[in-house]
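The values are calculated or read from the model by the stated rules, or taken from the named source; none is laboratory data. This one's a predicted model, so the numbers in the text were calculated from it and none came from an experiment. Cβ sites come from the backbone with ideal geometry, for glycine too, and all protein chains shown count toward neighbours.
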Amino acid sequence: MMKKNQYDVIIVGAGPAGVGIGALFMQMGLKNFVILERDSIGSSFKKWPEEMRLLTPSFPGHGFGLLDLNAVMPATSPGYTFQTEHLSGEEYAEYLEAVAIHFKLPIEFGIDVFELEKLDDGFELKTNNGHYNAPYVVWAGGEFQYPDKEAFQGAELCLHNSEVTSWGEVDGDDFVVIGGYESAIDAAIHLIHYGKQVTVLAKGESWSDDNPDPSISLSPFTFDRLEEVMDSEDLILRGKSKVVKVEQIEDGYSIFLESGDVIFSPTRPILAIGFKNSLSLIFEHFYYDENNVIELSEKDESTVSEGLFLVGPQVRHQEVIFCFIYKFRQRFAVVAKEIYEKLGLELNEELFDYYRKSNMLLDDLSCCDNSCQC
Ligand SMILES: Cc1cc2nc3c(=O)[nH]c(=O)nc-3n(C[C@H](O)[C@H](O)[C@H](O)COP(=O)(O)OP(=O)(O)OC[C@H]3O[C@@H](n4cnc5c(N)ncnc54)[C@H](O)[C@@H]3O)c2cc1C
């Protein structure tokens, strides 16, 4: 008799990664799998500050073989559904819900996965609802719900950008934003629009970086918006300003830079330096090299715990970073195919051809060289 909570495959998380690969499993006819979600579909997007928009534009090009950059399934387009180019977090979560409903995804809500244990015959997931078991686990827990508040001494005193409901609701008129990438610049732009004064302290100078990979430099959407406020007297962009410590003082905060300079902030410094990410929960199941880069097999399987696969923005293959939806969705089919074969099930090759034609199957990583010609 089959044990309670015993599946062939367990997916952790119902964000774009979990919903995308789950929908593919449904199309493939996989019967005995489940998605465990602690909250709701697309919950990270629902937690975005209300002013935030997807940086990647949506456009319904799928009829001509160019899938909407934010779609997680072929023949779908968030841009078409919402008739907008840059969706809000709420809208994108609604798109994911529509996909989940259409494919009748088997999602169990309110299940928080705490721990993963490798057994002889697969994995045991420890949750707030007891144990779940499966020979194959697809980790799709994302990054957003795991803010990094330990990056330097006093980081816990700061307000992490993922804790902000609306930039219009943060108290004060004068802000220091720590971080120089998308989240930090996004925060600065919205605060300026609300009439606040903002100093951005960044390690580098992303605003003058021309790297062709938007995982490294700012997106065109952010450059456009930054240009609008660049000449504002209320905005100071301070590059080469690595923060090493924050201290609370009587009338505000002292922010210590590596250079020895100390910056004063009358309000809680805003921390927009990124995320620890959900892999911190299952750290021991992956190998990280000396540069802290995760090591995955060619099929995005852990090289430490066989049977554990990673989908989502943390997927990396050396220099190739999959941190946008249009990047990591191309690995769903690679992972799903590998698991199907390991389960000894028959593959529907037509479906995979369709995925390839829809730009949803990237199994040749040498194609990703970011060689921008102009
Ligand atoms: C400021 C910002 C702007 C961005 N803009 C873009 C953009 O324009 N375009 C783009 O492509 N990407 C963008 N991204 C990145 C994008 O949001 C992420 O890549 C995407 O959310 C990752 O999807 P995911 O499914 O892996 O993770 P998530 O969307 O975080 O989903 C993970 C899900 O897993 C659940 N979960 C987590 N841990 C557990 C657990 N232990 N047990 C049970 N459930 C769990 C969560 O509740 C959540 O529903 C942006 C990110 C940020 C922070």
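Quick look at the values:
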quantity	calculated
Residues (hydroxyl-bearing (S, T, Y) and touching a strand residue (DSSP E or B) at 6+ places or on another chain (Cβ under 7 Å)) located in the stretch 236-271	S241, Y253, S254, S265, T267
Single unsatisfied condition, V9 versus (1) buried (at least 20 other Cβ atoms within 10 Å of the Cβ); (2) under 21 Å from the mean Cα position of the chain (by Cα)	(2)
Those strands (runs of 3 or more DSSP E) lying entirely in the stretch 122-165 with at least 1 residues in contact (Cβ under 8 Å) with a residue 60 or more places away in the chain and farther than 26 Å from F324 by Cβ	122-127, 130-134
Given (1) within 14 Å of the ligand (Cβ to nearest atom); (2) touching an Asp or Glu at 6+ places or on another chain (Cβ under 7 Å), number of the condition P60 does not satisfy	(1)
Residue count for the stretch 118-161, restricted to those that are within 19 Å of the chain's Cα centre (by Cα) and aliphatic (A, V, I, L, M)	4
Every residue from the stretch 259-304 that is over 22 Å from G13 (Cα atoms) and outside any loop (DSSP other than H, G, I, E, B)	V262, I263, F264, S265, I270, L271, Y288
Some residue of the stretch 14-37 being away from the ligand (no atom under 15 Å from the Cβ), crowded, with 18+ Cβ neighbours inside 10 Å and in a loop (DSSP other than H, G, I, E, B)	yes
Candidate set from the stretch 290-321 (those that are of a type in the set (A, V, I, L, M, F, W, C) and at pLDDT 95 or above); member that is nearest to the ligand (Cβ to nearest atom)	V311
Matching residues, the stretch 214-238, being farther than 26 Å from E258 by Cβ and not small (G, A, S)	P214, P220, F221, F223, D224, R225, E227, E228, V229, D231, E233
Pair list, Cβ < 7 Å and 6+ apart or interchain, from the stretch 38-59 residues that are surrounded by fewer than 20 Cβ atoms within 10 Å (Cβ to Cβ) to residues that are in a loop (DSSP other than H, G, I, E, B) and among the β-branched types (V, I, T)	R38/I111; E50/T165
Filter result (buried (at least 22 other Cβ atoms within 10 Å of the Cβ) and away from the ligand (no atom under 16 Å from the Cβ)) within the stretch 159-211	F175, V176, V198, L201
Selection count, the stretch 60-81, where residues are buried (at least 16 other Cβ atoms within 10 Å of the Cβ) and touching a helix residue (DSSP H, G or I) at 6+ places or on another chain (Cβ under 7 Å)	12
Pairs, first assigned by TED's automatic domain parsing to the domain that holds S166 and of a type in the set (V, I, T) in the stretch 194-210, second buried (at least 18 other Cβ atoms within 10 Å of the Cβ) and part of a loop (DSSP other than H, G, I, E, B), C-beta under 8 Å, six or more apart	V200/G179; V200/G180
Which listed residue is within 28 Å of R356 (Cα to Cα) and more than 21 Å from the chain's Cα centre (by Cα), from Y92, Y80	Y80
Identity of the residue in the stretch 95-116, more than 20 Å from A23 (Cα to Cα) and surrounded by 17 or more Cβ atoms within 10 Å (Cβ to Cβ), that ends up nearest to the chain's Cα centre (by Cα)	V113
Single unsatisfied condition, E247 versus (1) closer than 24 Å to H86 by Cα; (2) at pLDDT 95 or above	(1)
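Conditions tested, residue by residue: (1) outside any helix (DSSP H, G or I); (2) of a type in the set (D, E, K, R); (3) modelled with pLDDT of 90 or more.
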{"site": "V200", "(1), (2), (3)": "yes, no, yes"}
{"site": "I216", "(1), (2), (3)": "yes, no, no"}
{"site": "D224", "(1), (2), (3)": "no, yes, yes"}
{"site": "I236", "(1), (2), (3)": "yes, no, yes"}
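The rows are residues; the columns are (1) outside the structural domain of F59 (by TED's automatic domain parsing); (2) among the β-branched types (V, I, T).
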residue	(1), (2)
F256	yes, no
S265	yes, no
Y288	no, no
I294	no, yes
R316	no, no
V335	no, yes
K342	no, no
R356	no, no
L361	no, no
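Table: residues versus (1) within 10 Å of the ligand (Cβ to nearest atom); (2) farther than 20 Å from W48 by Cα; (3) of a type in the set (D, E).
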| site | (1), (2), (3) |
| --- | --- |
| L66 | no, yes, no |
| G79 | no, no, no |
| E85 | no, no, yes |
| A98 | no, no, no |
| P106 | no, yes, no |
| I111 | yes, yes, no |
